[in-house]
Structure formats: structure tokens, C-alpha cells
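Asker: My structure is below; once you've seen it, I'll send some questions.
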Amino acid sequence: MTLMRLGIQIPSFTFPGGKATLGQDLAAIARTADDAGFSAIAVMDHFFQIGPVGPPEMEMLEAYTTLGFLAGHTSRAQLLTLVTGVIYREPGLLAKTLSTLDVLSGGRAVLGIGAAWNEQEARGLGFRFPPVAERFERLEETLQICRLMFDGQDTSYDGKHFTLERTLNVPSPISALPIMIGGGGEKKTLRLVAQYAQLCNLFPGPDLAHKLEVLRGHCEAVGRPYDDIEKTVYYTFDTAKSSAETVDELGALKDLGFGLALGGVRDVHTLAPLETIGAEVLPQL
């Protein structure tokens, strides 16, 4: 039987105790998810809260500092962003950050990355926000640079947007650090998945099966086995639903070929939903 993994994303850091207890709240969430059997723990890579969650003034933590903190409170789950905007960090720094997280967490880091979309926060904090075509060019070069540095290749890189005299990265990741590209753009994003990624991440919708077929076509075009790529899907765990409903929905996604469902958990700060999913949902997947 093909198994399905589950992961949580923590999209909001607005908890009843406020910032005074935010660290201990996050630690408890991570430990509970890890113990319950969740395979991955993710945070958004944003600096302002995003519209679907709440106003920009809501609490938002820097992603990689947070993942480093969560690494110290977990032992099994993979750690990733869903996903890093390519414009926020120079690729050499990004590769070094992920490599450090991987080594200190015992090989549990995943690079989640995308072309970036939040112009409001970029302009708010002074990040240059190039046109979409340039962002995708930067994304492809960043993927190439990260792969070089993750693989421990000490060389130079001369691209259109980035020039590195030496891709020295010691220590390199413990093992092959996987890359997950987020987004379902059929011409650019899914082509980059086929060329560079070990995982893709799609949002749910009626076109999911079509997106997977597009990805399959890109894999055939570059000569890569489609099954080499783990398909992941964003899924919000709603505690208002019964465990049976959740299992049915996840089972349908598994039947489409998704190996990881990853998303927010309603009322996660109470911890009980994580325990329920671990006890009643995960064993059936």
C-alpha cells in the first residue's frame, strides 16, 4: 500500500498568550506534531502577515530563525518553508542557511522555494521586487546555485543575475538536501520542478489532476522519471470535520498521486487537534 505523509504548516503566530509565551507555544506545537507522527513542520517565509490569514500587523516571525528554534524541539519531522520567496535572500546565503539547518537538525532540512508574490511586504521592507519574468530567471539561477552548494561543489558561478567566485559550503548538508518548488504555473514553475526539484507543492482545486499531467509532460521533455518527484498538496486540517471526513478527503488526494498533505491546523495552539489527527487520521493513511 502507498502511504501518505502528513505535515503541518504554522501560518499564524497570533496565540492567546501573545509574544510573552510565543516561544513556549511554538515549542509545544512542534513537539506535539513530532510525537504525533507528522512528517514535516513548515512555516511561511513572509515578513508581514498575508491577507488570507489576517492583517499585515499580525505577528510574523522570520522563517529560518524559527525553523532553527523548532529543530531544537523536535527530532524526526522535516523542517521547511512553504515557501521562500526568491527575492528575499541572496542564493549563496540561502544555501548556507539551509545547509546549517540541515546539519544542526540531523539532516531534516528541505528547501521550499518559489518566485515570490508579495509586493506589499517587499516594498515595505525595501526589497527590490522585479517583474515576474525576472523573478523566474532569478529562481532558476538560485536553484542552480543551491544545488552546487548542497552537493559540496567548490566552483564558480556566472549567471545573468548572480555571480559567485567560489561556491564553498562547509559543512555541506548531511545528505542530498531536497528542494520543493511551490506553485502550479504550467509553463515555468512546473518546468523548473521537472528540472531541479525533488518535491512539488500545489494548492487544491479541480485542476489538480491536470497540473500533475502537465508536470508529467515536463518530466518526459527533460528525460526525468515522473515518479522521482514527490507530489505534495496544501491541505487545511479543519477540526470542525470528523476524522472520517478528513481521511476521505486525504484518501482522494492520495489516489491522485500525492504523497504529502501539508497545511495549517485549525486551533493548533490547543494541541488537541494534533493529537487527534495523530491518533485517528494518520493510522488510516
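Asker: If only one of ASP34, ASP102 is assigned to a helix (DSSP H, G or I), of a type in the set (Asp, Glu) and surrounded by fewer than 22 Cβ atoms within 10 Å (Cβ to Cβ), which one is it? Walk me through it before giving the result.
Answerer: Details: ASP102 fails: surrounded by fewer than 22 Cβ atoms within 10 Å (Cβ to Cβ).
Every option except ASP34 fails the conditions.
Asker: Could you list, in sequence order, the residues of the range 240-285 that are free of Cβ contacts under 8 Å to residues at least 24 places away in the same chain and either touching a Lys or Arg at 6+ places or on another chain (Cβ under 9 Å) or surrounded by 18 or more Cβ atoms within 10 Å (Cβ to Cβ) (or both)?
Answerer: Answer for the range 240-285, where residues must be free of Cβ contacts under 8 Å to residues at least 24 places away in the same chain and either touching a Lys or Arg at 6+ places or on another chain (Cβ under 9 Å) or surrounded by 18 or more Cβ atoms within 10 Å (Cβ to Cβ) (or both): just GLU249.
Asker: Only residues in the range 205-234 that are within 18 Å of ILE179 (Cα to Cα) count as the first member; pair them with residues that are part of a loop (DSSP other than H, G, I, E, B) and among the small types (Gly, Ala, Ser), Cβ under 8 angstrom, at least 6 apart or cross-chain, and list the lot.
Answerer: Correct list of pairs: LEU212/GLY257; ILE229/ALA197; LYS231/GLY257.
Asker: Conditions first: (1) modelled with pLDDT under 95; (2) within 25 Å of THR276 (Cβ to Cβ). ASP34 passes all but one, so which condition is the exception?
Answerer: Answer for ASP34: the failing condition is (1).
Asker: If you go through the range 105-127, how many residues are of a type in the set (S, T, N, Q) and part of a helix (DSSP H, G or I)? Before you say what the answer is, go through the steps one by one.
Answerer: Here is the first cut: in the range 105-127, the residues of a type in the set (S, T, N, Q) are 105, 118, 120.
Filter once more, so that each one left must be part of a helix (DSSP H, G or I): 120.
The qualifying residues number 1.
Asker: Now for a different question. Name, by its number, the condition in (1) in contact (Cβ under 8 Å) with a residue 40 or more places away in the chain; (2) among the small types (Gly, Ala, Ser); (3) closer than 20 Å to GLY7 by Cα that does not hold for ALA63.
Answerer: So ALA63 meets the others, but not (1).
The values are calculated or read from the model by the stated rules, or taken from the named source; none is laboratory data. Just so we're clear, the structure is a prediction, and the values are computed from it rather than from any experiment. Note: ideal-geometry Cβ built from the backbone for every residue, glycine included; neighbour counts use all protein chains shown.
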